[in-house]
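The values are calculated or read from the model by the stated rules, or taken from the named source; none is laboratory data. As the structure is a prediction and not an experimental result, all values here were calculated from the model. Every residue, glycine as well, gets a Cβ built from its backbone with ideal geometry; the counts of neighbours run over all protein chains shown. When the accessible area is computed, the model is the full protein with side chains, heavy atoms only, and any ligands, DNA or RNA have been set aside. Shrake-Rupley method; radii C 1.70, N 1.55, O 1.52, S 1.80 Å.
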Amino acid sequence: MTEKMKQGLLLTFATVVGFVIGYLNPATSQALLSGIGWIAGIGMFFLFRRSNKNPARDYTASWAYILIRMLLFFIIGAALGSMIPYYQQIMALQQQ
């Protein structure tokens, strides 16, 4: 298995887990998204700052970069998953 395939599987897993958590508990996942977003943003800031100091090093192969990308894909999955119950609730209210 190549490194790109492993990263793709990890990102898909993070998205699916985020989607399921967002669908099952939308209020909690919506509350967590901003905090997770801050963590991912600060982590990306420090990772890019560190990589700018040493441009010869490839930061895309580091575990921190993969973890931050997984957090970002988790946010996307949770946001999409949590929209479904809200959308169903709005449609049920409009039909009444």
Examine the range 48-65 for a residue that is open to solvent by 70 Å² or more (accessible area, probe 1.4 Å) and within 16 Å of Phe13 (Cβ to Cβ), and state whether such a residue exists.
-> yes
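Residues are listed down the side, and each one gets a yes or a no for (1) closer than 16 Å to Ile39 by Cβ; (2) among the polar types (S, T, N, Q); (3) modelled with pLDDT of 90 or more:
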position	(1), (2), (3)
Ala61	no, no, no
Leu67	yes, no, yes
Leu72	yes, no, yes
Ile76	yes, no, yes
Ile84	no, no, yes
Ile90	no, no, yes
Flagged pairs (Cβ under 6 angstrom, 6 or more apart or on separate chains; first in the range 29-40, open to solvent by 70 Å² or more (accessible area, probe 1.4 Å); second assigned to a helix (DSSP H, G or I)) are Gln30/Ser82
Return a yes/no flag: does the range 40-53 have any residue that is touching a Leu at 6+ places or on another chain (Cβ under 7 Å) and at negative phi.
-> yes
Residue that is surrounded by the most Cβ atoms within 10 Å (Cβ to Cβ), among those in the range 1-20 that are farther than 16 Å from Leu72 by Cβ and in contact (Cβ under 8 Å) with a residue 12 or more places away in the chain | Val20
Of the conditions (1) within 22 Å of Lys6 (Cα to Cα); (2) in contact (Cβ under 8 Å) with a residue 40 or more places away in the chain, Tyr23 fails just one. Which one is it?
-> (1)
